[in-house]
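Here is the structure we will look at.
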Amino acid sequence: MTTTDEPGQNGATPGVADAAEAAGQEAGADTGTKRQFISWLTLALMTTASVASLRPSPSMALYGLAAVFLYLLPAVVFLLPTALVGAELASGWSGGIYRWVSEALGKPLGFVAVWCQFAMTIAYYPSLLAYVASTFAYVVHPSLAEDGLYVAIVIVVIYWTGVWVTSRGTKTVAGLSSLGLVIGTLVPGVVLVALGIVFLGEGNASEAPMTADHWLPPWTGLASLVLIVNNFLSYAGMEMNGVHVSSLRHPRAEYPRSVFLATGLVLLIFILPALAISWVMPASELSLTAGLMQAFQAFFDHFHVGWLTKVVGIMLVLAALGGMLTWLAGPAKGLVTLARQEGYLPPFLQKFNRHGVPLNIMVAQGVVTTLIGVLYAFSDDVSSAYWMFSVITVQIYLIAYLLMFVAVVRLRATQPHVRRGFVVPAVTVVAGVGFVASACALGIGFVPPDQFGNAPLWRYLLIVGGGLLALGVVAPAAFLKYRRPEWIHPDHQRKNTTD
């Protein structure tokens with residue numbers, strides 16, 4: 001998963017116009033200081049590092065060669081629009097998605113967008129830590145990978161350990177998460193693909209057909225395309241690197257070049273490992289949480305180096321934990337910073353500890369995360385539970401994206417005078433495609449995939465629909481309805497009085 005550019009993280013003040021900074025982001029603007037430029041190639045690699053991951057590979061490996069199509073489609077209709085729209089908004093308005101949506105649609109909807117970026121992590125942590133638990137099971141004992149009680153214990157213990165580590169400050173977190181891309185993505189990904197190529201080169205048959213007539217998924221109704229929804233979460237965060245558009249010498253020409261290269265690299269990192277898994281693992285035996293380790297185990301056993309499975313398992317776990325720590329404080333800090341200025345949350349949830357960490361809201365978030373994690377103990381299908389919480393994560397996040405796509409079109413009409421470092425060509429079409437794709441993905445998420453056809457439909461709809469409704473709609477509506485003027489932090493009350 002990727003970190004988000006939440007309000008307040010980069011020193012920006014949410015909801016407060018900063019015309020000087022916006023103007024300084026225009027390409028070639030003379031700010032009176034020596035500007036530091038980066039190349040479009042560097043930006044492409046930064047974007048790739050922030051998006052690419054091996055975690056979704058097992059869910060796409062179920063489709064074999066059709067995984068190529070299922071990755072390409074959301075890349076065209078979602079990945080590219082979010083990257084381009086994010087670049088225009090970030091290069092015109094500081095402050096992140098709250099500022100963008102607030103300027104276009106009003107502060108209440110701006111809060112909803114920021115809340116959704118925070119709330120989606122409540123469902124994200126259980127799914128991420130379920131993956132960690134199943135991966136670590138291959139270091140301890142593979143049979144634990146589908147043991148609900150074991151997964152629940154790991155989720156609860158690791159989450160609260162992460163809260164404790166994060167509460168010590170950002171230096172601790174940075175030291176634990178900085179090598180995640182190399183250790184947990186690039187090295188295992190290259191090894192997995194290389195093993196797959198050698199495996200096929202030896203004349204072994206692929207478990208999934210690799211012929212041209214299998215490049216589209218078999219059509220059995222909407223359920224046959226449901227797993228594509230997970231790819232929207234895989235691509236989430238691409239737009240956040242738009243904040244660096246002002247660091248390019250010629251952003252209008254170089255940023256699209258950077259986006260297209262990053263898109264190609266991200267697709268390679270997503271597609272090739274998914275194909276490698278499908279070469280060695282039958283779809284009927286593939287676990288959505290432990291599928292990556294199943295593939296490594298099969299390859300390493302085939303080449304008589306089974307002991308390496310534990311080594312790779314530890315690498316993947318460390319990388320995933322680093323990613324969790326990066327996410328743990330960021331969205332919460334952004335929400336609390338905004339709440340202090342606008343009074344969206346009760347004072348108790350606005351407190352920072354002496355290390356500048358919003359510990360109270362993280363604890364409140366942890367209570368909900370723990371309750372969700374405990375549900376795994378009562379699940380007889382860890383993969384099914386993992387998928388449902390992944391869908392909830394995507395749906396909540398998509399609410400923020402829907403608002404963002406509307407905001408860019410609205411701002412183009414209402415604030416054309418604001419200088420942007422990058423301007424999306426045919427913005428209505430680009431944003432329209434992204435909006436429709438996001439809305440469709442949100443709706444399709446309510447359809448259980450074919451792989452879970454034996455599970456009761458009512459339970460799936462209750463968990464997915466209830467999670468989206470409670471976290472993405474009811475919670476922000478309640479905070480807005482019961483918001484009180486005295487909830488504004490005293491420092492900001494004095495500032496508003498002075499102004």
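The values are calculated or read from the model by the stated rules, or taken from the named source; none is laboratory data. Values in this document were obtained by computation on a predicted structure and should not be read as measured data. With ideal geometry, Cβ positions are generated from the backbone for all residues, glycine too; neighbour counts draw on all protein chains shown. Side chains are part of the model used for accessible areas, which takes the heavy atoms of the whole protein and leaves out ligands, DNA and RNA. Shrake-Rupley method; radii C 1.70, N 1.55, O 1.52, S 1.80 Å.
If you take the residues in the range 350-373 that are touching a Pro at 6+ places or on another chain (Cβ under 8 Å) and either of a type outside the set (Lys, Arg) or within 21 Å of residue 130 (Cβ to Cβ) (or both), which one is surrounded by the most Cβ atoms within 10 Å (Cβ to Cβ)? Give the derivation first.
Keep residues of the range 350-373 that are touching a Pro at 6+ places or on another chain (Cβ under 8 Å), which gives 350-352, 369, 372-373.
After this cut, where a residue has to be either of a type outside the set (Lys, Arg) or within 21 Å of residue 130 (Cβ to Cβ) (or both) as well, the list is 350, 352, 369, 372-373.
Working: 350: 22, 352: 15, 369: 23, 372: 21, 373: 26.
It comes out as 373.
Among residues of the range 224-252 that are under 19 Å from residue 118 (Cβ atoms) and hydroxyl-bearing (Ser, Thr, Tyr), none has a beta-carbon under 9 Å from a residue that is surrounded by fewer than 24 Cβ atoms within 10 Å (Cβ to Cβ) and modelled with pLDDT of 75 or more at least six positions away or on a different chain. Number of residues in the range 334-349 that are part of a loop (DSSP other than H, G, I, E, B) and open to solvent by 20 Å² or more (accessible area, probe 1.4 Å): the value is 1. For the range 409-446, the candidate set comprises residues that are assigned to a helix (DSSP H, G or I) and basic (Lys, Arg); within that set, the residue that is most open to solvent (accessible area, probe 1.4 Å) is 410. Only one entry of 318, 288 meets the criterion of being modelled with pLDDT under 90 and either outside any loop (DSSP other than H, G, I, E, B) or under 30 Å from residue 168 (Cα atoms) (or both), and that entry is 318.
Is it true that some residue in the range 104-120 is charged (D, E, K, R), modelled with pLDDT under 90 and surrounded by fewer than 24 Cβ atoms within 10 Å (Cβ to Cβ)? Give the derivation first.
Pass one, the range 104-120, residues charged (D, E, K, R): 107.
Right, trim to modelled with pLDDT under 90 and you get none.
The answer is no; no qualifying residue exists.
Between 390, 384, which is surrounded by fewer than 22 Cβ atoms within 10 Å (Cβ to Cβ) and closer than 20 Å to residue 128 by Cβ? Before the answer, list the steps.
Values: 390 fails: surrounded by fewer than 22 Cβ atoms within 10 Å (Cβ to Cβ).
Answer to the check: 384.
Residues considered: 406, 391. Of these, the only one that is under 17 Å from the mean Cα position of the chain (by Cα), of a type in the set (Val, Ile, Thr) and closer than 17 Å to residue 116 by Cβ is 391. If the condition is being closer than 20 Å to residue 191 by Cβ, within 18 Å of the chain's Cα centre (by Cα) and open to solvent by less than 10 Å² (accessible area, probe 1.4 Å), then the range 231-281 contributes 266, 270. Of all residues assigned to the range 311-324, at least one qualifies as being over 17 Å from residue 121 (Cβ atoms) and free of Cβ contacts under 8 Å to residues at least 40 places away in the same chain. Pairs meeting the criteria (first residue in the range 474-492 and under 22 Å from residue 120 (Cβ atoms) and in contact (Cβ under 8 Å) with a residue 12 or more places away in the chain, second residue assigned to a helix (DSSP H, G or I) and of a type outside the set (D, E, K, R), beta carbons under 6 Å, at least 6 apart or on different chains) are 476/112; 476/115; 480/108.
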